[in-house]
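Novice: Once you've had a glance at the structure underneath, I'll fire off some questions.
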């Protein structure tokens, strides 16, 4: 399976409609009409190449399309770019306009390494997809990454949140978070990701790296 990066993806897919996160390529189309949501979803499914199924969420607010990254291949399959372009075309035919403002992926990062995986798999009912990663089999809840900690922190946060979104959105949210009483703890990996702390010291990593060319 061929894996592509952001530059290759956006050479084919619309950067006005799609965003890349660590889950894959995401697009959201507001659609208040239930029948139109179903029709759009049906046509998206028909576009999908054999062996590569998109994840579709149909809610009252609209339809979210997720073209998933491959755990086995370690990235976004090459088929995702052409499929994204086709999805955008169908959306246009149905008069749907994309809204990228809320596209993001969230995971919980636990400082425990692979030895913690069986416990968290047992209590969540999640399925294991990689040595240190488990995910909701229904793709509704955030993933759990059991990371190995060896970064020199004196008092590591046992659990923190990873949030993946576009670079522009990361910048906007960083500014808003600081104004809300937070602070930037680590920007040494900029522009790929930034670590912020809330007033109580709880940490979140804002990650833009999947969406960077």
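Please treat every number below as a calculation from the coordinates, not as lab data. Small disclaimer: the values here were computed from a predicted structure and weren't measured.
Novice: Return an integer: the convex hull volume of the alpha-carbon atoms of the stretch 3-93, in Å³ per residue.
Specialist: Numbers: hull volume 7.8 nm³, N = 91.
Convex hull of Cα atoms, per residue: 85 Å³.
Novice: Stretched out fully, how many nm does the piece from residue 15 to residue 184 gain, at 0.36 nm a residue minus the Cα gap? Mind dumping the intermediate values first?
Specialist: Details: separation 169, 0.36 × 169 = 60.84 nm, distance 2.79 nm.
In short, 58.1 nm is gained.
Novice: In degrees, nearest 10, range 0 to 90: what is the angle between the Cα axis of helix 167-179 and the longest Cα principal axis of the chain?
Specialist: Roughly 50 degrees, rounded to the nearest 10.
Novice: Any chance you could list the semi-axes, whole Å, largest first, of the equivalent ellipsoid that the Cα gyration tensor gives for the chain, using √(5λ)? Please list the in-between numbers first.
Specialist: On the way: eigenvalues 188, 83, 54 Å².
Its equivalent ellipsoid spans semi-axes of 31, 20, 16 Å.
Novice: Further question on the same structure: Given the Cα atoms of the stretch 105-211, and with Rh set as the inverse mean 1/r over their pairs in the Kirkwood sense, what is Rg to Rh to two decimals?
Specialist: Working: Rg = 14.5 Å, Rh = 14.7 Å.
With Rh from the inverse mean 1/r over Cα pairs, Rg/Rh is 0.98.
Novice: Something else now. If you wrap a convex hull around the alpha carbons of the stretch 44-112, what volume per residue comes out, as a whole number of Å³? Write down the numbers at each step before the final one.
Specialist: On the way: hull volume 8.8 nm³, N = 69.
Dividing the Cα hull volume of the stretch 44-112 by its residues yields 128 Å³.
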